[in-house]
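J.: Sharing a structure here in structure tokens format.
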Amino acid sequence: MALKVLFLGGTGIISSACAALAVERGVDLTVLNRGGTASKRPLPAGVRQVTADVRDVPAVREALRGSEFDVAVDFLAFTPEHVAADVETFRGRVGQYWFVSSASAYQKPVGHLPITESTPLANPFWQYSRDKIACEELLTRAYREEGFPAAVVRPSHTYDRTSPPVDGGWTVVERMRRGAPVVVHGDGASLWVLTHHTDFAKGFVPLLGEPALTGDAVHITSDQALTWDAVHRTLARAAGVDEPVLVHVPSDAIARDDPSRGPSLLGDKAHSVVFDNTKLARLVPGFAATTSFAAGAREIVEHHDTHPELCRPDPDVDARHDRLAARWG
């Protein structure tokens with residue numbers, strides 16, 4: 001019998017790759033979402049789609065009435081309220097429930113490298129990360145107190161061809177192409193890990209239904225660590241730019257200039273990260289992240305160059321980079 005799996009979500013960066021690989025490997029997959037991004041990342045043939053707003057809990061329960069699944073995965077839960085609703089919805093109806101947390105939940109500043117699953121969870125800078133931590137704590141209590149079959153996966157910075165993984169997105173690539181200065185936080189030398197979404201899927205899909213992970217957590221990341229200067233230069237080379245103009249700006253100065261970006265920078269990207277994937281390798285023998293960022297960057301550029309509607313510069317991003325570069329360049 002094929003494994004019966006429900007995805008809440010399914011057309012996002014991470015979930016789209018997981019859906020494609022799950023179907024390829026014979027999973028009986030149902031996806032529940034609003035259908036709003038299907039044209040951007042269409043669902044693979046063979047998926048049963050259920051349309052409902054995941055935040056409308058009565059509508060979700062009505063849409064799933066009479067259905068049972070071996071595994072449910074929520075790619076769209078961000079707060080303890082979201083997870084508490086899932087516990088009520090799936091109690092007694094699934095063999096395993098996966099919460100998609102975030103590697104940003106790991107202690108910042110990082111106490112030591114590499115980061116393992118036992119690294120403490122604490123982020124005083126970013127509410128998003130604190131909410132993910134609170135979700136994990138709620139699920140730990142549900143597992144310990146009532147045996148709710150929760151498991152946690154922590155992705156790192158995961159990207160696909162639609163999402164240049166730099167602050168400012170495609171506008172940054174466009175600026176490099178026209179020789180405009182591009183702001184890089186800090187001295188550009190801190191280490192960062194980028195994971196292609198198909199590599200995440202290769203690690204995650206084999207874990208669906210794996211009993212060893214119930215009540216536990218695992219992260220899934222690439223083993224390639226790049227400096228932020230290298231990330232920008234790799235994107236530049238993919239876009240045909242040999243020498244981008246990079247301007248280094250202190251992270252706290254960027255945070256003061258744009259408070260909306262401060263928490264994710266000071267609470268995550270400003271810190272060097274390197275991950276130990278030993279636990280994943282033990283659970284998924286032979287796992288390896290095989291898409292280098294050089295290959296991923298070429299994919300990003302090729303996709304955008306063939307979709308000009310995605311390449312409109314963002315005037316706010318332009319203004320921010322111009323402003324900071326003028327002061328710190």
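The values are calculated or read from the model by the stated rules, or taken from the named source; none is laboratory data. These numbers were taken from a predicted model, which means no experiment stands behind them. Counting neighbours? That spans all protein chains shown, and the Cβs are built from the backbone with ideal geometry, glycine included. SASA here: full protein model, heavy atoms, side chains in, ligands and nucleic acids out. Shrake-Rupley method; radii C 1.70, N 1.55, O 1.52, S 1.80 Å.
J.: For region 192-201, what does the Karplus curve 6.51 cos²θ - 1.76 cosθ + 1.60, with θ = phi - 60°, yield as ³J(HN,Hα) per residue in whole Hz, taken in order and with x for Gly and Pro?
T.: After applying 6.51 cos²θ - 1.76 cosθ + 1.60, I find 9, 10, 10, 10, 5, 5, 6, 5, 4, 4 Hz.
J.: For region 1-129, what is the Kirkwood estimate of the hydrodynamic radius, computed as the reciprocal of the mean inverse distance between distinct Cα atoms, to one decimal in Å?
T.: 16.0
J.: Additional query: Reachable aspartates and glutamates from residue 269, Cα under 14 Å, same-chain residues fewer than 8 places away excluded?
T.: Of all the aspartates and glutamates, those that pass the test against residue 269 - Cα under 14 Å, at least 8 places apart if same chain - are 167, 187, 229, 252.
J.: A follow-up question, please. What angle do you read, to the nearest 10 degrees and between 0 and 90, between the alpha-carbon axis of helix 293-305 and the longest principal axis of the chain?
T.: That works out to roughly 80 degrees.
J.: Where the centre of each part is set by its Cα atoms, how far does region 253-309 sit from region 221-244, in angstrom?
T.: Comparing the Cα centres of region 253-309 and region 221-244, I get a distance of 11 Å.
J.: So, one more: Work out the length of the dipole vector of region 226-329 about its Cα centre, built from +1 on the beta-carbon of each Lys and Arg and -1 on the beta-carbon of each Asp and Glu, and round it to the nearest 20 debye.
T.: Roughly 400 debye for region 226-329.
J.: Still on this structure: Per the Kirkwood formula on distinct C-alpha pairs, the Rh of region 11-81 is how many angstrom?
T.: Final number for the Kirkwood radius of region 11-81 is 13.0 Å.
J.: A further question follows. Tell me, what are the semi-axes, in whole angstrom and largest first, of the equivalent ellipsoid of region 163-236 as set by the roots of 5 times the Cα gyration tensor eigenvalues?
T.: Whole-Å semi-axes of the equivalent ellipsoid: 33, 13, 9.
J.: Can I ask one more? In debye, nearest 20: dipole of the chain around its Cα centre with unit charges on the Cβ of K, R (+) and D, E (-)?
T.: Rounded to the nearest 20 debye, it is 160 debye.
J.: Can you give the translational diffusion coefficient of region 114-265 in µm²/s, computed by Stokes-Einstein from the Kirkwood radius over Cα pairs at 20 °C and 1.002 mPa s?
T.: Taking Rh from Cα pairs, D becomes 120 µm²/s.
J.: Amide H neighbours of residue 50 under 5 Å, at least 5 residues apart or on other chains, H built in the peptide plane: list them.
T.: 31, 32, 33
J.: Compute the normalised compactness of region 135-174: alpha-carbon radius of gyration over 2.2 N^0.38 Å, N being the residue count.
T.: Rounded to two decimals, the normalised Rg is 1.98.
J.: For region 223-239, just list the computed ³J(HN,Hα) in residue order, Karplus coefficients 6.51, -1.76 and 1.60, θ = phi - 60°, integers in Hz, with x standing in for Gly and Pro.
T.: Per residue, the Karplus-derived 3J(HN,Hα) values read 9, 8, 10, 10, 6, 5, 4, 5, 4, 5, 5, 5, 4, 4, 4, 4, 8 Hz.
J.: Evaluate the charge dipole of region 85-221 about its Cα centre and quote only its size in Debye, nearest 20, assuming +1 on the Cβ of each Lys and Arg and -1 on the Cβ of each Asp and Glu.
T.: Dipole about the Cα centre, nearest 20: 380 debye.
J.: Here is a follow-up. Counting C-alpha atoms alone, how compact is the chain: give Rg to one decimal and Dmax as a whole number, in angstrom.
T.: 20.2, 63
J.: Okay, moving on. Of the heavy-atom accessible surface of the chain (probe 1.4 angstrom), what whole percent is carbon and sulfur?
T.: 51
J.: A further question on this structure: How large is log10 I(q)/I(0) at q = 0.27, 0.30 Å⁻¹ when the Debye formula is applied to the Cα atoms of region 238-300, each weighted equally and without solvent?
T.: Cα-only, vacuum Debye calculation for region 238-300: -1.04, -1.11.
J.: Write down the radius of gyration of region 111-164 and its Dmax, each obtained from C-alpha positions, in Å.
T.: Looking at region 111-164, its Cα Rg and Dmax stand at 14.1, 42 Å.
J.: Over its Cα atoms, what ratio of radius of gyration to 2.2 N^0.38 Å does region 82-173 give?
T.: That ratio works out to 1.29.
J.: Would you kindly find the accessible area of residue 93, with a 1.4 Å probe and non-protein molecules such as ligands, DNA and RNA excluded, rounding to the nearest 10 Å²?
T.: 60
J.: Can you compute the radius of gyration and Dmax for region 65-132, using only the Cα atoms, both in Å?
T.: Final numbers for Rg and Dmax: 14.8, 48 Å.
J.: As an exercise, take the mean of 1/r over every pair of distinct alpha carbons in region 177-329, invert it, and state the Kirkwood radius in angstroms.
T.: Hydrodynamic radius (Kirkwood, Cα pairs) of region 177-329 is 17.6 Å.
J.: Along region 97-107, what does the Karplus equation 6.51 cos²θ - 1.76 cosθ + 1.60 (θ = phi - 60°) give for ³J(HN,Hα), rounded to whole Hz, x for Gly and Pro?
T.: For region 97-107, the Karplus curve yields 10, 9, 9, 8, 8, 7, 5, 5, 6, 5, 3 Hz.
J.: What translational diffusion coefficient, to the nearest whole µm²/s, does region 263-329 have by Stokes-Einstein, given a Kirkwood radius computed over alpha-carbon pairs, a temperature of 37 °C and 0.692 mPa s viscosity?
T.: Here the translational diffusion coefficient equals 202 µm²/s.
J.: For residue 191, enumerate residues with amide H under 5 Å from its amide H, sequence gap 5+ or separate chain, H modeled in the peptide plane.
T.: Placed amide hydrogens put 272, 273 under 5 Å from residue 191.
J.: Which distance in Å, rounded to a whole number, links the C-alpha centroids of region 98-164 and region 191-213?
T.: Answer, in whole Å: 14.
J.: Per residue, how much accessible area does region 104-242 have with a 1.4 Å probe, in Å²?
T.: Accessible area per residue: 36 Å².
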